[in-house]
Amino acid sequence: MNLRLADIAQSVQALRTEGPLDRVIQNFASLAEATESDLSFFADPRYESTLYQTRAGAVLVPEDLSLRKPLPEGPTWLYVKQPEHVFYTLVQRYRAQPLPGWGQEPHAFIHPTATISEKSYIGAFAYIGEGAQISEGAWIFPFAYIGARVQIGSGTIVYPHAVLMPDTVIGPNCIIHPGAIVGADGFGFYKGEHRIYERIPQVGRVILEAEVEVGANTCVDRATLGTTYLAEGVKLDNLIQIGHNVRIGPHTAIAAQTGIAGSSSVGAYCRIGGQVGIADHVHIAERTSITAQSGISKSITTPGRSWRGAPAQEVRQQLLMEAIMRKLPELYPRILQLEKILTQS
Amino acid sequence: MNLRLADIAQSVQALRTEGPLDRVIQNFASLAEATESDLSFFADPRYESTLYQTRAGAVLVPEDLSLRKPLPEGPTWLYVKQPEHVFYTLVQRYRAQPLPGWGQEPHAFIHPTATISEKSYIGAFAYIGEGAQISEGAWIFPFAYIGARVQIGSGTIVYPHAVLMPDTVIGPNCIIHPGAIVGADGFGFYKGEHRIYERIPQVGRVILEAEVEVGANTCVDRATLGTTYLAEGVKLDNLIQIGHNVRIGPHTAIAAQTGIAGSSSVGAYCRIGGQVGIADHVHIAERTSITAQSGISKSITTPGRSWRGAPAQEVRQQLLMEAIMRKLPELYPRILQLEKILTQS
Amino acid sequence: MNLRLADIAQSVQALRTEGPLDRVIQNFASLAEATESDLSFFADPRYESTLYQTRAGAVLVPEDLSLRKPLPEGPTWLYVKQPEHVFYTLVQRYRAQPLPGWGQEPHAFIHPTATISEKSYIGAFAYIGEGAQISEGAWIFPFAYIGARVQIGSGTIVYPHAVLMPDTVIGPNCIIHPGAIVGADGFGFYKGEHRIYERIPQVGRVILEAEVEVGANTCVDRATLGTTYLAEGVKLDNLIQIGHNVRIGPHTAIAAQTGIAGSSSVGAYCRIGGQVGIADHVHIAERTSITAQSGISKSITTPGRSWRGAPAQEVRQQLLMEAIMRKLPELYPRILQLEKILTQS
């Protein structure tokens, strides 16, 4: 990649520029890691200090930039609308590897009753089961298992070793990352005679709406009866467990290794940290934030609050409690001393 | 599915019925979600209130039903022995997808020394290694890896992308869910010179007795020497880690994302919640219950108790401690006040 | 296996022996589990008591053995340098299954532009992508996915169902365990209009230096820009999450189910327990030890310390805090009593 800065400035419709435009940009980097052949961007005011130290050749900055200090002279500054968006659009255009073209690699197994758009990619060793439907513009990578009657929406990517068990419905523009398993049986048993577990048949399914991402090795269990449901724009990181009959509202993002037990629901626009545990049959109101490693065993009914701890409390209360807990080693002998004074008097 | 209620009542040997029997049942649902074309069931007295609100067309109830209020008139009530069992037997019969018939799909790799029952299913892209044995009535799904000398019991299901490493023994009627990995190397090293980790060869194996389930993407490591052992009826949920040389007793169930470190053992009939951590070389007595997210670093020697917290205590003690912890923010200034009074006096 | 003890003594260059050498050794076992046909070893003085109780036929002991009691007469004692190393070398030689010989099994997919050493093993259903390089002495097991331009070092093992996404670099003598996923996209989004998540393209890569192990179903995400980096000798257990742009220093070992969020770094020679969570943009100093289930949300700057708890403190402080927390149920009524006395007086 060799891009003249003047050409970049033009292509991103820079509102104005400061500094030389005859530089050549060879790569993209964060402000902290950039060198003089890199383009970078500034978006988050919390990291303003990195602006004054960056060695980037050029930096995309917001048109309404307001700073505590004047900008240094080293980099060329390009003022644009939405620098983060502009930056990642350039990264995508110049650095992302292209996805494979349409067509089928050898060694795929395609059931004769499956329906496959000619404008799709089917990798080697992909398995497309009975009655499955692969829409136009979908990519099915090697070793993907597309079970019977599974529907894959247009523009959706199913990466290597992903497993979509029978009857799963995947909407358009989803990404199923490697090793993700959607539609395996839920963990459902009832106590039979002699305290033996009897299986509850898991005959429901999983539906993913548009623009959902399921991270690497994440598991989304099928419903016992009915549907496990991930609404539009839900983003799941890696190694997450989503139990049977769980429902997650639009544009909620969940970080790695979190688990949500059966029949719970999470509202729209929530942000859930990593390694969080959410018990079964619990509801989380929309726009809730949950700190990493928290444990939620009761429903959260008020929208828009932040929770932390296990068992979780609202964040301010939990932080206060934690602060006092850390004082206990110093407080404890003082309490004993008070007791001594009082019982002696 | 269209079943006349009269036929259902007869097939389940209803002891008596209340309400019309000429209805047509089209599906199965929980009491909360059922509509008038659904059959449901009632088993857990804790959810009695849902009985009075259900819109189900018919409900299976226990013969010895004892309620606080009279049953409403909407649904038809079918009195049976073991309504939960009857309900799920019907679900299994009418809604579960049949497993594939016996035979081999194309593109399987079968080592010439492997022994495979003619009454088994081998999916496309299954790999059956040297000397492996597949018993009558076993299902080996696509992309299953059956390593050298692995034995698969009769009636056992190995779902897509499950990996059974060499020498693993799987008993009859087990279910290995997608992506589960049984028999990978344990995490064993010793400190060599210059503080470098040297590998401990992992030459033991894994044995699963009958009726064991291993959840999606769960890992059960082979023993260093000897055997990692899951007894009859053990049920493991998804994304669980079972370390080398662990032993788990009969009919113990473990929820998702729990980890048990090397050489620990768990007794029979235990119930372990999700995201629990159990340290190495620890023993958990039989019939122990452990709350989700707990941490067990010492052996539990008394059977039948419930534990909670990290580090865990018996549940009552832990709940008491948690309750007082939550009072700390309010208690702390009062302690400071006491101190002030006493030091001033 | 039938080995005369005299032959073993000679082959391990025993410095001296006590007890009969005409015994036949058939297997290897730990001191606690060994019987008279087993060879065992003693290395860790904490387990000295097992020495006096073992029923092993022979035991490797250090040349500078210093004990509280005389050794019992049952076993034959072989004095050697580094008994642990000698023992596991014998286990590896006599009990480990040999890896497959060089060559290709049928049904592999090998892109015509891939470079594959003739002295390597390519299993059935392996996928070797465009421009990938497989070095001499590498083993690629069935169902391994080797993406475009991936480099596999000499002596490296890629076990079944491991996924190496494009551009990943794996050094020599690494082990990628079954189901591990290296180089999947990081979890990176920015808030677009209407609070919708927009993808940040993940165009970086993953580099593993020599002797790295990646456990079963563990995920190591590719960098957003730049490199996710595991230095020489890093050992990762199963089901671990390593976020984008994470860097881990040489010879650090991490136990199962731990997660490290994006852009954090861990120094050399650290020991991190299972189910630990490390937040994003945090640095852990070298030689840090972290107890299982801890949560690290701030950088640890002093090397060589031990941390515990969530949020973590230095281990002594945390243990003290935990001890007092457990006293709270008994302390609380005493505080109320003090208050009562003071307010009444």
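In the range C:60-76, is there at least one residue being surrounded by 14 or more Cβ atoms within 10 Å (Cβ to Cβ), out of contact with any helix residue (DSSP H, G or I) (no Cβ under 9 Å at 6 or more places or on another chain), facing chain B (nearest Cβ under 9 Å) and in contact (Cβ under 8 Å) with a residue 12 or more places away in the chain?
No, the range C:60-76 contains no residue that is surrounded by 14 or more Cβ atoms within 10 Å (Cβ to Cβ), out of contact with any helix residue (DSSP H, G or I) (no Cβ under 9 Å at 6 or more places or on another chain), facing chain B (nearest Cβ under 9 Å) and in contact (Cβ under 8 Å) with a residue 12 or more places away in the chain.
So, residue B:157, is that one among the hydrophobic types (A, V, I, L, M, F, W, C), at the interface with another protein chain (Cβ under 9 Å from one of its Cβ atoms) and either under 19 Å from residue C:88 (Cβ atoms) or in contact (Cβ under 8 Å) with a residue 24 or more places away in the chain (or both) or not?
Criteria not met by residue B:157.
Can you tell me which condition residue B:260 does not meet? The list is (1) away from chain A (no Cβ under 13 Å); (2) under 28 Å from residue C:318 (Cα atoms); (3) surrounded by fewer than 23 Cβ atoms within 10 Å (Cβ to Cβ), and all the others hold.
The one condition residue B:260 does not meet is (3).
So if I check each of A:176, A:140, A:207, A:242, which one is at pLDDT 95 or above, under 28 Å from residue C:240 (Cα atoms) and in contact with a Cys (Cβ under 9 Å, 6 or more places away or on another chain)?
Within the list A:176, A:140, A:207, A:242, the selection yields A:242.
Quick test of your reading of the structure: residue A:213 fulfils all but one of (1) within 10 Å of chain C (Cβ to nearest Cβ); (2) surrounded by fewer than 22 Cβ atoms within 10 Å (Cβ to Cβ). Name the failing condition by number.
With (1) within 10 Å of chain C (Cβ to nearest Cβ); (2) surrounded by fewer than 22 Cβ atoms within 10 Å (Cβ to Cβ) applied to residue A:213, the lone miss is (2).
Checking residue A:219 against (1) of a type in the set (A, V, I, L, M, F, W, C); (2) out of contact with any Cys (no Cβ under 8 Å at 6 or more places or on another chain); (3) farther than 20 Å from residue B:258 by Cβ, only one condition comes out false. Which one?
Failing condition for residue A:219: (3).
In the range C:22-42, which residues are surrounded by 17 or more Cβ atoms within 10 Å (Cβ to Cβ), out of contact with any Gly (no Cβ under 9 Å at 6 or more places or on another chain) and within 22 Å of residue C:70 (Cβ to Cβ)?
Correct list: C:31, C:41, C:42.
Restricting the search to the range C:2-21, which residues are under 11 Å from residue C:77 (Cα atoms) and surrounded by 15 or more Cβ atoms within 10 Å (Cβ to Cβ)?
Result: C:5, C:9, C:14, C:17, C:19, C:21.
For the range C:96-215, please list each of the strands (runs of 3 or more DSSP E) lying entirely inside it that holds at least 3 residues being more than 28 Å from the chain's Cα centre (by Cα) and closer than 30 Å to residue A:251 by Cβ.
C:189-191, C:197-199
Does any residue in the range A:105-126 that is without any contact (Cβ under 8 Å) to a residue 60 or more places away in the chain and in the same structural domain as residue A:156 (by TED's automatic domain parsing) come within less than 6 Å, Cβ to Cβ, of a residue that is of a type in the set (D, E, K, R) and assigned to a loop (DSSP other than H, G, I, E, B) six or more places away or on a different chain, and which pairs are these?
A:111/A:130; A:113/A:130; A:117/A:136; A:119/A:136; A:123/A:105; A:124/A:105
Looking at (1) on the phi < 0 side of the Ramachandran plot; (2) of a type outside the set (Gly, Ala, Ser); (3) in a loop (DSSP other than H, G, I, E, B), which is the only condition residue C:275 fails?
Exception for residue C:275: condition (1).
I'm checking my understanding of the structure. Among residues of the range C:291-322 that are part of a loop (DSSP other than H, G, I, E, B), at the interface with another protein chain (Cβ under 10 Å from one of its Cβ atoms) and out of contact with any Asp or Glu (no Cβ under 9 Å at 6 or more places or on another chain), which one is surrounded by the most Cβ atoms within 10 Å (Cβ to Cβ)?
The qualifying residue surrounded by the most Cβ atoms within 10 Å (Cβ to Cβ) is C:293.
When residues of the range C:87-110 are filtered for being surrounded by 19 or more Cβ atoms within 10 Å (Cβ to Cβ) and closer than 18 Å to residue B:189 by Cα, how many remain?
4
Search the range B:234-248 for residues being surrounded by 24 or more Cβ atoms within 10 Å (Cβ to Cβ) and more than 10 Å from chain C (Cβ to nearest Cβ), and hand back the single one that is nearest to residue B:171 (Cα to Cα).
So the residue we want is B:234.
What do you reckon, is residue A:171 surrounded by fewer than 24 Cβ atoms within 10 Å (Cβ to Cβ), in contact (Cβ under 8 Å) with a residue 40 or more places away in the chain and within 13 Å of chain B (Cβ to nearest Cβ)?
It is false that residue A:171 is surrounded by fewer than 24 Cβ atoms within 10 Å (Cβ to Cβ), in contact (Cβ under 8 Å) with a residue 40 or more places away in the chain and within 13 Å of chain B (Cβ to nearest Cβ).
Could you look through the range B:186-205, keep only residues that are of a type outside the set (D, E, K, R) and more than 20 Å from residue C:98 (Cβ to Cβ), and pick out the one that is farthest from the other protein chains (Cβ to nearest Cβ)?
Within the range B:186-205, the match that is farthest from the other protein chains (Cβ to nearest Cβ) is B:194.
I'm told residue B:34 meets every condition in (1) in a strand (DSSP E or B); (2) within 12 Å of chain A (Cβ to nearest Cβ) except one. Can you identify the failing condition by its number?
In the conditions (1) in a strand (DSSP E or B); (2) within 12 Å of chain A (Cβ to nearest Cβ), residue B:34 misses (1) alone.
Suppose we filter B:170, B:181 for residues that are in contact with a Cys (Cβ under 7 Å, 6 or more places away or on another chain) and either modelled with pLDDT of 95 or more or farther than 30 Å from residue B:107 by Cβ (or both); which single one remains?
Being in contact with a Cys (Cβ under 7 Å, 6 or more places away or on another chain) and either modelled with pLDDT of 95 or more or farther than 30 Å from residue B:107 by Cβ (or both) holds for just one of B:170, B:181, which is B:181.
Is there any pair linking a residue in the range C:174-195 that is touching a residue at least 60 places away in the same chain (Cβ under 8 Å) and more than 30 Å from residue C:141 (Cα to Cα) to one that is among the aliphatic types (A, V, I, L, M) and outside any helix (DSSP H, G or I), with Cβ under 6 Å and at least six apart or on different chains, and which?
C:188/C:200
The values are calculated or read from the model by the stated rules, or taken from the named source; none is laboratory data. This one's a predicted model, so the numbers in the text were calculated from it and none came from an experiment. Using ideal geometry, Cβ is built from the backbone for each residue, glycine included, and neighbour counts are taken over all protein chains shown.
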